[in-house]
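K.L.:
Here you go, one structure.
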Amino acid sequence: MAFWDFAKKPKFGGPHVIVLDFGSGSVKAVVVSLDEVKKIGYVIGIGREYYNQQQGASNFRGIEGGIEVAKKAINQALTAARAKTSECIVVYNGDTLKGVLHVWKERRQNPQERIYDAEFQGILERALKNASENAVAKDLSVFKPVIASAALQRLEIDGYHVVNPIGFKGAEIEVKLLVFYLASGQKGFFDEIVGVLKLSARGLVSSVFATTLAQMKHSLTQFGAIVIDIGQTNTDVIVARDSIIEGIQSAQIGGKAITEGIMETFSLSFEEAVQKKIQYELGELDQVETRKLENGIRGRVELLRDSVVQALKGFSETAGGFPEKVFLCGGGIRVSLVKKMFSQNSWLVGLPFPKQPSIEVLLPSDIKDVIDSTESLEGPSAVPLLSAVRWLTRNYNISSQADIILRKALQVFNQSGKQ
């Protein structure tokens, strides 16, 4: 029996699901009550536990430490929610996850015959096998990459876009999949945590991918956008164009580097530096200390900016250039000097923007169909997690036939041991 089976009566009806976010410095657990009719997620409990005593240190301390940290975070969330559930979705970030757009084309032997489920599933299985082989060949900057999940981006039959290929005829089918890879050791690590805690994982999602989807549905035009998620030790960048998410590029730097700059500048401990950063944001430092802090972190902020530029250069150029919207989110953007630097257009020089884009900091109010009943998820740092909650409301029970077949193809592919 799992440790949460004796929780109290829930506050809300509807299915309850844990959103389990393995961040670079901590594990966050959010209990969500789903309204399946209205597609709304209610956040009713939150828990967070750091990997070790020094907040922000990215050290799991082995599988036992990871299990204990996740268990504490889940227990906090379930206790606050007065709920019990073993269902969860797992949220991964760029330092553990890579997202690559994979294109697979296949000629059909009998173009005059209609496409049915079995044939389409076979096409998807071959697409996944090819994506896995390409990832191993390229190494993707991770050790022994394995496919953790995938999302359909576009389907075409003989050059014509279709939402669902079932029932269509045609000679050639093209599939564009956003494929998510984990290092094999990392996937095994997280799978073991979920297994030991007797959780039932209903899905996996990248936080920046979920954030991009949330904006594509509500505030983006067909021309797309760039989403930059500045986390604690990692910054994720996504480019979406023509309703297609083209992949995830990551930079190994985030808000923790700025905190470390404050530590060095003032000879403080990590916790003291965090407090100094809070005082700076609240305007509680005098002019001398403010100037000293800004000078001390400026080089790191510029390195963060330059790393984002390099990540953007990793995306292929198209005739239309980059989209005209840039969205910023994540805890790192709360630092006013970071926000100021990214809110200016000077860092965009040399990138293929057809004109100066609009730059906007995302807030929880920008994530629709999610209600934070705890009233504790605030600021840009809450946006990726709330976006994952919104993704859950759309993917708890998949209704799209093409997505259902993709899920089956992923299950068959993973069970086949081909990666």
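K.L.:
If you go through the range 329-345 one residue at a time, do you hit one that is assigned by TED's automatic domain parsing to the domain that holds Asn234, over 26 Å from Leu386 (Cα atoms), exposed (fewer than 15 other Cβ atoms within 10 Å of the Cβ) and at pLDDT below 90?
P.N.:
Looking through the range 329-345, at least one residue is assigned by TED's automatic domain parsing to the domain that holds Asn234, over 26 Å from Leu386 (Cα atoms), exposed (fewer than 15 other Cβ atoms within 10 Å of the Cβ) and at pLDDT below 90.
K.L.:
Being of a type in the set (Asp, Glu), touching a residue at least 40 places away in the same chain (Cβ under 8 Å) and part of a helix (DSSP H, G or I): is that true of Glu125 here?
P.N.:
yes
K.L.:
Count, please, the residues in the range 214-245 that happen to be closer than 18 Å to Asp366 by Cβ, polar (S, T, N, Q) and at pLDDT 85 or above.
P.N.:
0
K.L.:
Another question, if that's okay. Look at the range 242-290 and say how many of its residues are buried (at least 16 other Cβ atoms within 10 Å of the Cβ) and closer than 30 Å to Val100 by Cα.
P.N.:
13
K.L.:
Here's a check for you: in the range 246-272, which residue that is in a helix (DSSP H, G or I) and at pLDDT below 90 is nearest to the chain's Cα centre (by Cα)?
P.N.:
Selected residue: Gly255.
K.L.:
If you don't mind, there's one more thing I want to ask. Pairs only if they're at least six apart or on different chains, beta carbon under 7 angstrom, first in the range 214-241 and in the same structural domain as Gly321 (by TED's automatic domain parsing) and among the hydroxyl-bearing types (Ser, Thr, Tyr), second assigned to a strand (DSSP E or B) and at pLDDT 90 or above; list them, first residue then second.
P.N.:
That search, which allows pairs on different chains as well, returns Thr235/Ile228; Thr235/Asp229.
K.L.:
State yes or no: is Phe189 under 18 Å from the mean Cα position of the chain (by Cα), of a type outside the set (Gly, Ala, Ser) and farther than 27 Å from Lys292 by Cα?
P.N.:
When the stated conditions are applied, Phe189 does not pass them.
K.L.:
Here is a list of conditions, (1) in contact (Cβ under 8 Å) with a residue 40 or more places away in the chain; (2) outside any loop (DSSP other than H, G, I, E, B), and Ile166 meets all of them except one; can you say which number that is?
P.N.:
(2)
K.L.:
Take residues that are among the aromatic types (Phe, Trp, Tyr) and tell me which of the strands (runs of 3 or more DSSP E) falling wholly in the range 301-390 contain 1 or more.
P.N.:
Ranges flagged: 325-329.
K.L.:
Okay, moving on. Which of the residues spanning the range 141-154 are surrounded by fewer than 18 Cβ atoms within 10 Å (Cβ to Cβ) and at pLDDT below 75?
P.N.:
Within the range 141-154, Ser141, Phe143 qualify.
K.L.:
Next question, about the same structure. How many of the residues making up the range 96-121 are free of Cβ contacts under 8 Å to residues at least 12 places away in the same chain and touching a helix residue (DSSP H, G or I) at 6+ places or on another chain (Cβ under 8 Å)?
P.N.:
Qualifying residue count for the region: 0.
K.L.:
Separate question: Working only within the range 168-186, note down all residues that are surrounded by 18 or more Cβ atoms within 10 Å (Cβ to Cβ) and closer than 17 Å to Glu133 by Cβ.
P.N.:
Result: Val175, Leu177, Val179, Phe180, Tyr181, Leu182, Ala183.
K.L.:
Looking at the range 80-122, which of the residues that are basic (Lys, Arg) and not in a loop (DSSP other than H, G, I, E, B) is surrounded by the fewest Cβ atoms within 10 Å (Cβ to Cβ)?
P.N.:
Selected residue: Arg107.
K.L.:
I need a count of the residues in the range 297-328 that are buried (at least 17 other Cβ atoms within 10 Å of the Cβ) and of a type outside the set (D, E, K, R).
P.N.:
13
The values are calculated or read from the model by the stated rules, or taken from the named source; none is laboratory data. Since the model is a prediction, treat every value here as computed from it, not as a measurement. With ideal geometry, Cβ positions are generated from the backbone for all residues, glycine too; neighbour counts draw on all protein chains shown.
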